[in-house]
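The values are calculated or read from the model by the stated rules, or taken from the named source; none is laboratory data. All values derive from a computational prediction rather than experimental measurement. Methodologically, a virtual Cβ is constructed for each residue, glycine included, from the backbone with ideal geometry; neighbour enumeration extends over all protein chains shown.
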Amino acid sequence: MSTWVKKKSLYGEDLWQEIRKEAEESAKAEPILASFLHMTVLRHQSLNQVLAFHLSSKLSSPVMDARALYEIFLHSLQESPQLGEAIEADIIAHYERDPACSMFSTPLLYFKGFHAIETHRINHCLWHHSRRTLSYCIQNRASEVFGVDIHPAARFGSGIMVDHGTGLVVGETAVLGNNISILHGVTLGGSGKEIGDRHPKVGDGVMIGANASILGNINVGECARIGAGSVVVYDVPPHSTVVGVPARVVGSSEQTPATEMNQCL
């Protein structure tokens with residue numbers, strides 16, 4: 001059986017050039033995709049342009065023109081260098097943590113969890129530039145297209161990997177740190193109809209298993225691991241593993257569960 005070894009992670013211009021190289025090689029290997037790869041990658045001059053084009057194409061509708069969305073998305077990306085750095089970190093997170101991701105271009109082109117997170121990053125910028133009506137519209141459209149519902153005000157760090165993506169729900173006052181891994185069906189929600197700060201705060205390095213629900217204004221400590229299907233309603237200590245309904249501490253966690261992706265308790 002043939003095996004392959006992942007390349008060392010790349011950043012900045014090196015990452016962009018590697019993505020272009022991968023697209024060129026893929027177009028040669030699969031001529032039926034040559035037009036798609038030219039439209040989405042090879043005719044563009046930067047990663048920002050690729051992402052703006054790809055997301056605007058997916059999110060356009062009869063009432064939201066793709067070209068107008070492209071201009072809005074690209075402007076947000078170009079005006080915020082920190083946004084570009086977070087997107088690169090998200091690509092690297094998918095590449096390093098997902099054994100099914102063999103190329104840097106794969107999440108950019110094909111993973112809807114990645115698409116949903118990057119749409120949210122742009123939407124969060126729009127939210128804080130007083131374009132809230134547009135933000136709500138994009139949130140709704142992203143939910144229809146990607147099956148992921150993230151309030152525009154939710155705050156995300158960098159290096160976020162959302163594996164599969166389907167069913168992710170993140171509330172308005174949720175805060176996610178850096179280098180977090182989340183599987184499908186996860187809810188970061190409130191615990192009732194109270195207003196104000198009512199959603200979870202998730203520390204760096206956390207891994208959240210499939211279909212877990214974290215409810216209320218509670219803290220999930222850094223490098224904690226949330227077992228699949230758990231319902232978390234109390235603070236989670238750092239470097240702990242919690243499982244169950246309601247979730248309880250059953251042990252310690254690896255040094256950085258988000259990067260290890262070990263879901264066996």
- Message: Please count how many residues of the stretch 212-265 are buried (at least 18 other Cβ atoms within 10 Å of the Cβ) and among the basic types (Lys, Arg).
- Response: 1
- Tabulated pairs, the stretch 29-42, first assigned by TED's automatic domain parsing to the domain that holds TRP16, second polar (S, T, N, Q), C-beta under 8 angstrom, 6+ apart or interchain: LEU33/SER26; LEU37/SER26; THR40/SER57; VAL41/SER105
- Note on the stretch 107-156: residues touching a strand residue (DSSP E or B) at 6+ places or on another chain (Cβ under 6 Å) and within 17 Å of THR173 (Cα to Cα) are ILE117, HIS120, ASP149, ILE150, ALA154, ARG155, PHE156
- Message: Quick check on my filter: what residues within the stretch 182-199 are farther than 16 Å from VAL232 by Cβ and either under 11 Å from the mean Cα position of the chain (by Cα) or modelled with pLDDT of 95 or more (or both)?
- Response: HIS184
- Considering each residue of the stretch 121-145, count those that are surrounded by 23 or more Cβ atoms within 10 Å (Cβ to Cβ) and in contact (Cβ under 8 Å) with a residue 40 or more places away in the chain, and give that number. 3
- Query: at pLDDT 95 or above, among the small types (Gly, Ala, Ser), buried (at least 21 other Cβ atoms within 10 Å of the Cβ) and not in a helix (DSSP H, G or I), is that true of GLY205?
  - Reply: yes
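Any residue in the stretch 128-141 that is outside any helix (DSSP H, G or I) and within 22 Å of GLU25 (Cβ to Cβ)? So that I can check it myself, show each step before the final result.
At the first step, the residues of the stretch 128-141 found to be outside any helix (DSSP H, G or I) are 128-131.
Then drop every residue that is not within 22 Å of GLU25 (Cβ to Cβ), which leaves none.
For the stretch 128-141, residues outside any helix (DSSP H, G or I) and within 22 Å of GLU25 (Cβ to Cβ): absent.
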- Task: Could you grab me the full set of residues in the stretch 1-29 that are of a type in the set (Val, Ile, Thr) and assigned to a loop (DSSP other than H, G, I, E, B)?
- Result: THR3, VAL5
- Note on the structure: The lone condition SER105 fails out of (1) more than 23 Å from SER76 (Cα to Cα); (2) at pLDDT 95 or above; (3) of a type in the set (S, T, N, Q) is (1)
- Message: Among the residues of the stretch 57-68, what is the count of those that are free of Cβ contacts under 8 Å to residues at least 40 places away in the same chain, farther than 25 Å from GLU13 by Cα and surrounded by 12 or more Cβ atoms within 10 Å (Cβ to Cβ)?
- Response: 3
- Those residues of the stretch 30-56 which are part of a helix (DSSP H, G or I), farther than 26 Å from TYR11 by Cβ and not hydrophobic (A, V, I, L, M, F, W, C) amount to PRO31, SER35
- Item | Residue that is nearest to ALA228 (Cα to Cα), among those in the stretch 142-152 that are out of contact with any Asp or Glu (no Cβ under 6 Å at 6 or more places or on another chain) and in a helix (DSSP H, G or I) | PHE146
- Item | Residues satisfying the stated conditions in the stretch 153-200, i.e. surrounded by fewer than 19 Cβ atoms within 10 Å (Cβ to Cβ), β-branched (Val, Ile, Thr) and not in a loop (DSSP other than H, G, I, E, B) | VAL169, VAL175
- Within the stretch 43-50, can one find any residue that is surrounded by fewer than 19 Cβ atoms within 10 Å (Cβ to Cβ), among the aliphatic types (A, V, I, L, M) and touching a helix residue (DSSP H, G or I) at 6+ places or on another chain (Cβ under 7 Å)? no
